[in-house]
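Please read the structure below before turning to the comments.
The values are calculated or read from the model by the stated rules, or taken from the named source; none is laboratory data. Just so you know, these numbers come straight off a predicted model, no measurement behind them. Positions of Cβ are generated from backbone atoms using ideal geometry, with glycine treated the same way; all protein chains shown enter the neighbour counts.
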Amino acid sequence: MDFSLLDDEVIEHLLACPKRITNPKARWSEQKKSKQINFNAVSDCGTHKFKVYFRQNTIIESAFSCGLSIETDTGFLTLCRYNGSDHAHKNDIENERFAFQCHVHRTTKRYIDSGYKPDKYATPTVRYEFLAGAVEAMAVDCNIRGLKMKGLAETVEMFPEGEKNGKD
């Protein structure tokens with residue numbers, strides 16, 4: 001799939017088409033300062049293959065991301081990302097900034113054509129505060145079925161009171 005051929009209508013179709021997880025027993029893997037899990041998904045029509053991923057920093061509670069990528073001939077293209085509130089964000093084309101708010105990235109034709117990262121555009125959201133809420137929002141928005149939420153509750157339990165965001 002040539003990214004330059006994508007327009008916003010096709011991107012919206014890819015986001016909205018029904019998808020089902022094909023490896024529901026995927027497990028979390030530990031990294032140095034984070035944990036992650038990757039799922040495979042396929043569109044109900046069988047035409048498109050996707051990757052669904054969750055990432056959680058084990059030190060900073062608000063540093064998380066989950067996203068949906070589509071498999072292309074040259075790799076994966078992230079269609080959307082649901083990020084935590086641990087950093088500031090700038091939409092370069094619009095010259096808009098917001099800081100330390102949860103936000104949702106979307107791939108857009110405008111950003112593809114501009115040469116920026118296709119999913120650079122983001123909007124702030126109050127729909128979630130933690131990874132589990134971001135995953136739920138993404139599953140609804142992107143029509144993903146079969147996600148096992150087991151293990152997401154443990155991401156909150158990684159941060160006992162008094163240790164959130166690296167504070168003692």
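Numerical summary
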| item | result |
| --- | --- |
| Residue identified as among the aromatic types (F, W, Y) and in contact with a His (Cβ under 8 Å, 6 or more places away or on another chain) among F54, F39, F100, F50 | F100 |
| Boolean, S114 is in contact (Cβ under 8 Å) with a residue 12 or more places away in the chain and loosely packed, with under 15 Cβ neighbours inside 10 Å | yes |
| Enumeration of residues in the range 119-163 that are more than 20 Å from I60 (Cα to Cα), modelled with pLDDT of 95 or more and in a loop (DSSP other than H, G, I, E, B) | D119, K120, Y121, C142, N143 |
| Extreme residue, nearest to A41 (Cα to Cα), among residues of the range 82-112 that are in contact with a strand residue (DSSP E or B) (Cβ under 6 Å, 6 or more places away or on another chain) and part of a loop (DSSP other than H, G, I, E, B) | T107 |
| Check on T58, polar (S, T, N, Q) and out of contact with any Lys or Arg (no Cβ under 6 Å at 6 or more places or on another chain) | no |
| Matching entry among I93, I112 (being of a type in the set (A, V, I, L, M), within 23 Å of C17 (Cβ to Cβ) and over 15 Å from the mean Cα position of the chain (by Cα)) | I112 |
| Close pairs from the range 8-26: first over 15 Å from F54 (Cβ atoms), partner of a type in the set (S, T, Y) and surrounded by fewer than 18 Cβ atoms within 10 Å (Cβ to Cβ), Cβ under 6 Å, at least 6 apart | C17/S43; K19/S43 |
| Pair list, Cβ < 7 Å and 6+ apart or interchain, from the range 44-56 residues that are touching a residue at least 24 places away in the same chain (Cβ under 8 Å) and under 25 Å from E129 (Cβ atoms) to residues that are among the small types (G, A, S) and crowded, with 23+ Cβ neighbours inside 10 Å | V52/A41 |
| Residues within the range 82-111 that are more than 25 Å from F54 (Cβ to Cβ) and crowded, with 19+ Cβ neighbours inside 10 Å, tallied | 0 |
